[in-house]
Amino acid sequence: MKFKPGRIFLFRVPEGEDLLEAINRFAESRGINAGVVMGIGSLRNPVVGYYSEEEKKYRSIKLSGTFELLSLNGNISLKEGKSFAHLHVTLGDEEGRVFGGHLIRGDVFVAEVYIGELIGEPLERKDMGNNLWLWEAER
Amino acid sequence: MKFKPGRIFLFRVPEGEDLLEAINRFAESRGINAGVVMGIGSLRNPVVGYYSEEEKKYRSIKLSGTFELLSLNGNISLKEGKSFAHLHVTLGDEEGRVFGGHLIRGDVFVAEVYIGELIGEPLERKDMGNNLWLWEAER
Amino acid sequence: MKFKPGRIFLFRVPEGEDLLEAINRFAESRGINAGVVMGIGSLRNPVVGYYSEEEKKYRSIKLSGTFELLSLNGNISLKEGKSFAHLHVTLGDEEGRVFGGHLIRGDVFVAEVYIGELIGEPLERKDMGNNLWLWEAER
(Lines give C-alpha, C1' and ligand atoms only; values in the text may rest on other atoms or scores of the structure.)
Protein backbone atom coordinates (compact mmCIF):
# COMPACT_ATOMS: atom_id res chain seq x y z
CA MET A 1 0.00 0.00 0.00
CA LYS A 2 1.10 3.51 -0.82
CA PHE A 3 0.96 6.27 1.78
CA LYS A 4 1.69 9.94 2.29
CA PRO A 5 3.61 11.16 5.32
CA GLY A 6 1.55 12.42 8.25
CA ARG A 7 2.53 13.71 11.67
CA ILE A 8 5.85 12.73 13.19
CA PHE A 9 6.31 12.05 16.90
CA LEU A 10 9.53 11.63 18.86
CA PHE A 11 8.94 11.21 22.59
CA ARG A 12 10.02 9.53 25.79
CA VAL A 13 7.65 7.03 27.39
CA PRO A 14 7.41 7.53 31.18
CA GLU A 15 9.40 5.14 33.38
CA GLY A 16 7.39 2.21 34.70
CA GLU A 17 4.88 1.95 31.86
CA ASP A 18 4.57 -1.12 29.70
CA LEU A 19 6.15 -0.23 26.34
CA LEU A 20 3.62 -1.98 24.10
CA GLU A 21 0.61 -0.62 25.99
CA ALA A 22 2.11 2.87 26.00
CA ILE A 23 2.64 2.87 22.23
CA ASN A 24 -0.84 1.50 21.55
CA ARG A 25 -2.41 4.11 23.83
CA PHE A 26 -0.32 6.90 22.27
CA ALA A 27 -1.45 5.85 18.78
CA GLU A 28 -5.09 5.41 19.78
CA SER A 29 -5.27 8.77 21.57
CA ARG A 30 -3.78 10.64 18.56
CA GLY A 31 -5.85 8.75 15.99
CA ILE A 32 -2.81 7.21 14.29
CA ASN A 33 -4.25 4.51 12.01
CA ALA A 34 -1.03 3.63 10.20
CA GLY A 35 2.61 4.32 10.88
CA VAL A 36 6.17 3.19 11.21
CA VAL A 37 7.73 2.79 14.66
CA MET A 38 11.34 2.85 15.81
CA GLY A 39 13.00 3.28 19.15
CA ILE A 40 15.79 2.67 21.62
CA GLY A 41 16.06 2.65 25.40
CA SER A 42 16.19 0.19 28.26
CA LEU A 43 13.54 -2.33 29.44
CA ARG A 44 13.04 -4.25 32.67
CA ASN A 45 12.02 -7.93 32.60
CA PRO A 46 10.91 -7.99 28.96
CA VAL A 47 8.78 -10.82 27.59
CA VAL A 48 9.20 -11.62 23.90
CA GLY A 49 7.45 -14.09 21.62
CA TYR A 50 8.59 -16.61 19.06
CA TYR A 51 5.91 -17.76 16.65
CA SER A 52 6.06 -21.52 16.25
CA GLU A 53 4.88 -22.70 12.84
CA GLU A 54 4.19 -26.20 14.22
CA GLU A 55 2.18 -25.04 17.22
CA LYS A 56 0.58 -22.17 15.29
CA LYS A 57 1.03 -19.84 18.21
CA TYR A 58 3.52 -17.63 20.01
CA ARG A 59 5.75 -19.07 22.70
CA SER A 60 6.66 -16.64 25.49
CA ILE A 61 10.28 -16.07 26.41
CA LYS A 62 10.71 -14.29 29.75
CA LEU A 63 13.92 -12.36 30.27
CA SER A 64 14.95 -11.33 33.74
CA GLY A 65 16.75 -8.10 34.56
CA THR A 66 17.29 -4.79 32.78
CA PHE A 67 18.24 -4.88 29.10
CA GLU A 68 19.34 -2.19 26.69
CA LEU A 69 16.62 -1.84 24.05
CA LEU A 70 18.91 -2.00 21.02
CA SER A 71 16.23 -1.88 18.37
CA LEU A 72 12.48 -1.43 18.41
CA ASN A 73 11.08 -1.82 14.91
CA GLY A 74 7.59 -2.24 13.60
CA ASN A 75 4.41 -0.60 12.49
CA ILE A 76 0.95 0.58 13.39
CA SER A 77 -2.14 -0.50 11.47
CA LEU A 78 -5.73 -1.42 12.30
CA LYS A 79 -6.89 -4.58 14.05
CA GLU A 80 -10.63 -4.86 14.62
CA GLY A 81 -10.89 -1.13 13.93
CA LYS A 82 -8.36 -0.06 16.56
CA SER A 83 -4.77 1.24 16.29
CA PHE A 84 -2.53 -1.76 16.75
CA ALA A 85 1.27 -1.78 17.06
CA HIS A 86 3.22 -4.83 15.85
CA LEU A 87 6.74 -4.52 17.24
CA HIS A 88 9.92 -6.59 17.37
CA VAL A 89 12.85 -5.91 19.69
CA THR A 90 16.49 -6.76 20.23
CA LEU A 91 17.79 -6.50 23.80
CA GLY A 92 21.34 -6.39 25.16
CA ASP A 93 22.53 -7.63 28.54
CA GLU A 94 25.44 -6.46 30.70
CA GLU A 95 27.90 -8.61 28.75
CA GLY A 96 26.70 -7.30 25.39
CA ARG A 97 24.88 -10.53 24.52
CA VAL A 98 21.69 -10.00 22.52
CA PHE A 99 18.24 -11.58 22.84
CA GLY A 100 14.99 -10.71 21.14
CA GLY A 101 11.61 -11.51 19.68
CA HIS A 102 8.12 -10.19 19.12
CA LEU A 103 7.40 -7.63 21.86
CA ILE A 104 4.82 -8.99 24.30
CA ARG A 105 5.62 -6.76 27.25
CA GLY A 106 8.43 -4.85 28.90
CA ASP A 107 8.56 -2.32 31.71
CA VAL A 108 10.09 0.91 30.54
CA PHE A 109 13.18 2.19 32.26
CA VAL A 110 13.91 4.51 29.31
CA ALA A 111 12.20 4.46 25.91
CA GLU A 112 12.75 7.01 23.14
CA VAL A 113 10.18 6.27 20.47
CA TYR A 114 9.73 7.58 16.93
CA ILE A 115 6.36 7.25 15.17
CA GLY A 116 5.96 8.38 11.56
CA GLU A 117 2.26 8.51 10.74
CA LEU A 118 1.19 7.25 7.31
CA ILE A 119 -1.87 8.67 5.56
CA GLY A 120 -3.77 6.50 3.08
CA GLU A 121 -6.40 3.82 2.68
CA PRO A 122 -7.10 1.82 5.86
CA LEU A 123 -4.50 -0.91 6.42
CA GLU A 124 -6.36 -3.68 8.24
CA ARG A 125 -5.11 -6.88 9.85
CA LYS A 126 -7.24 -9.96 9.27
CA ASP A 127 -7.41 -13.16 11.29
CA MET A 128 -5.50 -15.86 9.40
CA GLY A 129 -6.84 -18.62 11.68
CA ASN A 130 -3.40 -19.49 13.09
CA ASN A 131 -3.10 -16.82 15.77
CA LEU A 132 -1.65 -14.43 13.19
CA TRP A 133 -3.44 -11.28 12.03
CA LEU A 134 -1.98 -10.10 8.74
CA TRP A 135 -2.54 -7.59 5.94
CA GLU A 136 -3.32 -8.69 2.40
CA ALA A 137 -0.03 -9.66 0.74
CA GLU A 138 1.29 -7.53 -2.11
CA ARG A 139 3.92 -7.92 -4.82
CA MET B 1 23.62 13.32 -0.18
CA LYS B 2 20.51 15.32 0.51
CA PHE B 3 17.07 14.07 -0.51
CA LYS B 4 13.41 14.97 -0.43
CA PRO B 5 10.78 12.47 0.69
CA GLY B 6 8.98 10.56 -2.06
CA ARG B 7 6.34 7.84 -1.94
CA ILE B 8 5.98 5.69 1.14
CA PHE B 9 5.14 2.00 0.98
CA LEU B 10 4.12 -0.34 3.81
CA PHE B 11 3.27 -3.82 2.61
CA ARG B 12 3.37 -7.53 3.31
CA VAL B 13 5.55 -9.71 1.08
CA PRO B 14 3.73 -12.94 0.06
CA GLU B 15 4.69 -16.11 1.95
CA GLY B 16 7.26 -18.26 0.17
CA GLU B 17 9.07 -15.48 -1.69
CA ASP B 18 12.72 -14.69 -1.13
CA LEU B 19 12.81 -11.47 0.90
CA LEU B 20 15.77 -9.84 -0.89
CA GLU B 21 14.47 -10.66 -4.37
CA ALA B 22 10.98 -9.46 -3.42
CA ILE B 23 12.27 -6.09 -2.21
CA ASN B 24 14.50 -5.61 -5.25
CA ARG B 25 11.62 -6.48 -7.59
CA PHE B 26 9.22 -4.19 -5.68
CA ALA B 27 11.69 -1.29 -5.97
CA GLU B 28 12.49 -1.95 -9.63
CA SER B 29 8.83 -2.24 -10.64
CA ARG B 30 7.93 1.07 -8.90
CA GLY B 31 11.03 2.90 -10.16
CA ILE B 32 12.40 3.49 -6.65
CA ASN B 33 15.99 4.67 -7.22
CA ALA B 34 16.78 5.59 -3.63
CA GLY B 35 15.14 4.82 -0.34
CA VAL B 36 15.29 3.67 3.24
CA VAL B 37 14.06 0.18 4.17
CA MET B 38 12.81 -1.25 7.44
CA GLY B 39 10.86 -4.32 8.36
CA ILE B 40 9.91 -7.12 10.70
CA GLY B 41 8.48 -10.61 10.27
CA SER B 42 9.63 -14.20 10.22
CA LEU B 43 12.03 -15.97 7.81
CA ARG B 44 12.69 -19.62 7.01
CA ASN B 45 16.25 -20.89 6.58
CA PRO B 46 17.88 -17.48 6.18
CA VAL B 47 21.39 -17.11 4.79
CA VAL B 48 23.40 -14.13 6.01
CA GLY B 49 26.83 -12.81 5.10
CA TYR B 50 29.83 -11.63 7.07
CA TYR B 51 32.33 -9.57 5.10
CA SER B 52 35.85 -10.72 5.88
CA GLU B 53 38.43 -7.97 5.53
CA GLU B 54 41.23 -10.52 5.14
CA GLU B 55 39.50 -12.57 2.45
CA LYS B 56 37.95 -9.49 0.82
CA LYS B 57 34.64 -11.27 0.36
CA TYR B 58 31.45 -12.31 2.12
CA ARG B 59 31.31 -15.58 3.98
CA SER B 60 27.89 -17.25 4.00
CA ILE B 61 26.27 -18.29 7.26
CA LYS B 62 23.33 -20.68 6.78
CA LEU B 63 20.73 -20.75 9.52
CA SER B 64 18.30 -23.61 9.72
CA GLY B 65 14.68 -23.28 10.83
CA THR B 66 12.24 -20.40 11.18
CA PHE B 67 13.48 -17.20 12.82
CA GLU B 68 11.70 -14.07 13.93
CA LEU B 69 12.92 -11.22 11.72
CA LEU B 70 13.71 -8.78 14.54
CA SER B 71 15.14 -6.01 12.40
CA LEU B 72 15.49 -5.45 8.70
CA ASN B 73 17.44 -2.26 8.05
CA GLY B 74 19.03 -0.83 4.98
CA ASN B 75 18.63 1.19 1.86
CA ILE B 76 17.95 1.23 -1.85
CA SER B 77 20.27 2.91 -4.33
CA LEU B 78 21.57 2.20 -7.84
CA LYS B 79 24.03 -0.52 -8.81
CA GLU B 80 24.86 -0.71 -12.51
CA GLY B 81 21.79 1.41 -13.20
CA LYS B 82 19.30 -0.84 -11.39
CA SER B 83 17.49 -0.49 -8.04
CA PHE B 84 19.57 -2.36 -5.50
CA ALA B 85 18.68 -3.08 -1.87
CA HIS B 86 21.47 -3.40 0.71
CA LEU B 87 19.93 -4.96 3.81
CA HIS B 88 21.09 -6.25 7.19
CA VAL B 89 19.01 -8.45 9.48
CA THR B 90 18.82 -9.69 13.05
CA LEU B 91 17.00 -12.97 13.61
CA GLY B 92 15.64 -14.57 16.79
CA ASP B 93 15.27 -18.28 17.49
CA GLU B 94 12.81 -20.12 19.74
CA GLU B 95 14.96 -19.48 22.82
CA GLY B 96 15.26 -15.76 22.08
CA ARG B 97 18.90 -16.02 20.95
CA VAL B 98 19.81 -13.65 18.16
CA PHE B 99 21.84 -14.16 14.98
CA GLY B 100 22.37 -11.91 12.01
CA GLY B 101 24.34 -10.50 9.12
CA HIS B 102 24.09 -9.06 5.64
CA LEU B 103 20.91 -10.48 4.05
CA ILE B 104 21.79 -12.95 1.30
CA ARG B 105 18.52 -14.83 1.20
CA GLY B 106 15.58 -15.92 3.33
CA ASP B 107 12.21 -17.45 2.54
CA VAL B 108 9.41 -15.28 3.78
CA PHE B 109 6.96 -16.69 6.27
CA VAL B 110 5.79 -13.18 7.16
CA ALA B 111 7.44 -9.89 6.15
CA GLU B 112 6.05 -6.44 6.83
CA VAL B 113 8.24 -3.99 4.93
CA TYR B 114 8.45 -0.20 4.96
CA ILE B 115 10.11 1.65 2.08
CA GLY B 116 10.51 5.42 2.22
CA GLU B 117 11.45 6.66 -1.25
CA LEU B 118 14.09 9.40 -1.46
CA ILE B 119 14.10 11.91 -4.31
CA GLY B 120 17.38 13.53 -5.38
CA GLU B 121 20.50 13.12 -7.45
CA PRO B 122 21.30 9.51 -8.44
CA LEU B 123 23.01 7.62 -5.62
CA GLU B 124 25.25 5.07 -7.35
CA ARG B 125 27.30 2.21 -5.97
CA LYS B 126 30.75 1.76 -7.49
CA ASP B 127 32.94 -1.34 -7.55
CA MET B 128 35.67 -0.92 -4.93
CA GLY B 129 37.62 -3.94 -6.23
CA ASN B 130 37.16 -5.95 -3.04
CA ASN B 131 33.67 -7.37 -3.64
CA LEU B 132 32.16 -4.24 -2.11
CA TRP B 133 30.12 -1.73 -4.10
CA LEU B 134 29.95 1.57 -2.23
CA TRP B 135 28.83 5.17 -2.64
CA GLU B 136 31.29 8.04 -2.55
CA ALA B 137 32.09 8.81 1.09
CA GLU B 138 30.93 12.09 2.58
CA ARG B 139 31.75 14.10 5.71
CA MET C 1 6.66 16.07 20.79
CA LYS C 2 5.24 16.59 17.33
CA PHE C 3 7.48 17.42 14.39
CA LYS C 4 7.40 18.14 10.68
CA PRO C 5 9.81 16.43 8.30
CA GLY C 6 12.94 18.38 7.36
CA ARG C 7 15.90 17.48 5.18
CA ILE C 8 16.79 13.85 4.57
CA PHE C 9 20.37 12.63 4.32
CA LEU C 10 21.65 9.24 3.16
CA PHE C 11 25.43 9.05 3.07
CA ARG C 12 28.51 6.93 3.60
CA VAL C 13 30.84 7.83 6.45
CA PRO C 14 34.53 7.69 5.36
CA GLU C 15 36.51 4.61 6.40
CA GLY C 16 38.55 5.09 9.56
CA GLU C 17 36.35 7.67 11.25
CA ASP C 18 34.66 7.04 14.57
CA LEU C 19 30.97 6.47 13.81
CA LEU C 20 29.54 8.39 16.76
CA GLU C 21 31.84 11.39 16.28
CA ALA C 22 31.14 11.41 12.54
CA ILE C 23 27.36 11.50 13.04
CA ASN C 24 27.59 14.20 15.72
CA ARG C 25 29.83 16.31 13.49
CA PHE C 26 27.57 15.77 10.46
CA ALA C 27 24.53 16.90 12.48
CA GLU C 28 26.32 19.87 14.05
CA SER C 29 27.71 21.10 10.72
CA ARG C 30 24.26 20.93 9.03
CA GLY C 31 22.43 22.46 11.99
CA ILE C 32 20.31 19.35 12.59
CA ASN C 33 18.69 19.92 16.01
CA ALA C 34 16.36 16.92 15.95
CA GLY C 35 16.19 13.81 13.86
CA VAL C 36 15.88 10.08 13.52
CA VAL C 37 18.96 7.99 12.66
CA MET C 38 19.30 4.57 11.05
CA GLY C 39 22.16 2.75 9.43
CA ILE C 40 24.03 -0.39 8.50
CA GLY C 41 27.66 -1.21 7.72
CA SER C 42 30.68 -2.74 9.38
CA LEU C 43 32.66 -1.52 12.42
CA ARG C 44 36.12 -2.33 13.74
CA ASN C 45 36.70 -2.84 17.49
CA PRO C 46 33.41 -1.30 18.63
CA VAL C 47 32.84 -0.30 22.25
CA VAL C 48 29.27 -0.45 23.53
CA GLY C 49 27.70 0.51 26.82
CA TYR C 50 25.26 -1.15 29.20
CA TYR C 51 23.61 1.18 31.69
CA SER C 52 23.62 -0.39 35.13
CA GLU C 53 20.70 0.73 37.27
CA GLU C 54 22.58 -0.25 40.47
CA GLU C 55 25.79 1.58 39.60
CA LYS C 56 23.91 4.46 37.93
CA LYS C 57 26.39 4.55 35.07
CA TYR C 58 27.35 2.91 31.80
CA ARG C 59 29.67 -0.09 31.81
CA SER C 60 31.90 -0.37 28.73
CA ILE C 61 31.99 -3.57 26.70
CA LYS C 62 34.94 -3.75 24.30
CA LEU C 63 34.55 -5.97 21.27
CA SER C 64 37.59 -7.02 19.29
CA GLY C 65 37.63 -7.48 15.53
CA THR C 66 35.40 -6.38 12.66
CA PHE C 67 31.64 -6.73 13.08
CA GLU C 68 28.77 -6.30 10.68
CA LEU C 69 26.74 -3.31 11.85
CA LEU C 70 23.33 -5.00 11.72
CA SER C 71 21.31 -2.12 13.08
CA LEU C 72 22.07 1.45 14.04
CA ASN C 73 19.02 3.09 15.58
CA GLY C 74 18.53 6.28 17.49
CA ASN C 75 17.94 9.97 17.38
CA ILE C 76 19.40 13.44 17.41
CA SER C 77 18.31 16.10 19.88
CA LEU C 78 19.96 18.87 21.90
CA LYS C 79 22.27 18.40 24.88
CA GLU C 80 23.63 21.58 26.40
CA GLY C 81 22.61 23.40 23.23
CA LYS C 82 24.50 21.16 20.82
CA SER C 83 23.34 18.44 18.38
CA PHE C 84 23.66 15.15 20.20
CA ALA C 85 23.16 11.67 18.77
CA HIS C 86 21.93 8.86 21.04
CA LEU C 87 22.51 5.59 19.20
CA HIS C 88 22.19 1.86 19.88
CA VAL C 89 23.75 -0.86 17.75
CA THR C 90 23.61 -4.58 17.09
CA LEU C 91 26.78 -6.17 15.71
CA GLY C 92 27.34 -9.55 14.04
CA ASP C 93 30.52 -11.62 14.11
CA GLU C 94 31.87 -14.11 11.57
CA GLU C 95 29.70 -16.91 12.98
CA GLY C 96 26.53 -14.79 12.85
CA ARG C 97 26.44 -14.29 16.63
CA VAL C 98 25.11 -10.92 17.70
CA PHE C 99 26.33 -8.46 20.34
CA GLY C 100 25.27 -4.92 21.07
CA GLY C 101 24.66 -1.96 23.31
CA HIS C 102 24.68 1.82 23.51
CA LEU C 103 27.20 3.06 20.92
CA ILE C 104 30.27 4.50 22.66
CA ARG C 105 32.72 4.23 19.79
CA GLY C 106 33.52 2.17 16.70
CA ASP C 107 35.92 2.66 13.81
CA VAL C 108 34.08 2.72 10.53
CA PHE C 109 34.97 0.18 7.91
CA VAL C 110 31.68 0.89 6.08
CA ALA C 111 28.74 2.92 7.38
CA GLU C 112 25.65 3.84 5.38
CA VAL C 113 23.68 6.29 7.50
CA TYR C 114 20.18 7.75 7.13
CA ILE C 115 19.23 10.92 9.01
CA GLY C 116 15.68 12.27 8.81
CA GLU C 117 15.64 15.80 10.19
CA LEU C 118 12.67 16.78 12.37
CA ILE C 119 11.44 20.37 12.54
CA GLY C 120 9.70 21.60 15.68
CA GLU C 121 10.16 22.98 19.16
CA PRO C 122 13.62 22.35 20.65
CA LEU C 123 13.95 18.83 22.08
CA GLU C 124 16.41 19.13 24.96
CA ARG C 125 18.07 16.51 27.11
CA LYS C 126 18.31 17.30 30.80
CA ASP C 127 20.67 15.88 33.40
CA MET C 128 18.77 13.35 35.52
CA GLY C 129 21.57 13.12 38.10
CA ASN C 130 22.31 9.47 37.36
CA ASN C 131 24.55 9.86 34.30
CA LEU C 132 21.46 9.87 32.08
CA TRP C 133 20.34 12.89 30.09
CA LEU C 134 16.71 12.53 29.09
CA TRP C 135 13.83 14.46 27.53
CA GLU C 136 10.69 15.25 29.47
CA ALA C 137 8.48 12.14 29.46
CA GLU C 138 5.21 12.22 27.56
CA ARG C 139 2.06 10.10 27.44
**Study point:** Residue match in region A:35-43 (condition: without any contact (Cβ under 8 Å) to a residue 60 or more places away in the chain, more than 22 Å from B:Leu43 (Cβ to Cβ) and buried (at least 22 other Cβ atoms within 10 Å of the Cβ))
**Key:** no
**Study point:** region C:1-19, subset of a type in the set (A, V, I, L, M) and crowded, with 19+ Cβ neighbours inside 10 Å, residue nearest to C:Asp93 (Cα to Cα)
**Key:** C:Leu19
Check your understanding: Can you tell me how many residues in region A:51-78 are over 21 Å from A:Glu17 (Cβ atoms) and under 14 Å from the mean Cα position of the chain (by Cα)?
Key -> 2
Exercise for review: Confirm whether C:Phe67 is facing chain B (nearest Cβ under 9 Å), over 15 Å from A:Glu95 (Cα atoms) and assigned to a strand (DSSP E or B).
Suggested key: yes
Check your understanding: Under 7 Å by Cβ, and 6 or more places apart or on different chains, what pairs join a residue from region C:119-139 that is exposed (fewer than 11 other Cβ atoms within 10 Å of the Cβ) with one that is not basic (Lys, Arg)?
Key -> C:Glu121/C:Met1; C:Pro122/C:Asn33; C:Pro122/C:Leu78; C:Arg139/A:Pro14
Exercise for review: Residue by residue through region B:41-61, note down the ones that are in a strand (DSSP E or B), of a type outside the set (Phe, Trp, Tyr) and either touching a Gly at 6+ places or on another chain (Cβ under 6 Å) or more than 9 Å from every other protein chain (Cβ to nearest Cβ) (or both).
Suggested key: B:Leu43, B:Asn45, B:Pro46, B:Val47, B:Val48, B:Gly49, B:Lys57, B:Ser60, B:Ile61
**Study point:** Condition met for C:Pro46 (surrounded by 20 or more Cβ atoms within 10 Å (Cβ to Cβ) and either over 22 Å from A:Glu68 (Cβ atoms) or modelled with pLDDT of 95 or more (or both))
**Key:** yes
Practice item. Could you tell me whether any residue of region A:16-37 is at the interface with chain C (Cβ under 8 Å from one of its Cβ atoms), closer than 20 Å to C:Trp135 by Cβ and of a type in the set (Val, Ile, Thr)? Key: no
Revision key, fill the gap. The number of residues in region C:71-107 that are touching a residue at least 60 places away in the same chain (Cβ under 8 Å) and of a type in the set (A, V, I, L, M) is 4
Practice item. Determine if region C:7-27 includes at least one residue that is out of contact with any Pro (no Cβ under 9 Å at 6 or more places or on another chain), in a strand (DSSP E or B) and free of Cβ contacts under 8 Å to residues at least 12 places away in the same chain. Key: no
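The values are calculated or read from the model by the stated rules, or taken from the named source; none is laboratory data. Being a predicted model, the structure only gives us computed values, none of them experimental. Every residue, glycine among them, receives a Cβ derived from its backbone with ideal geometry; neighbour counts consider all protein chains shown.
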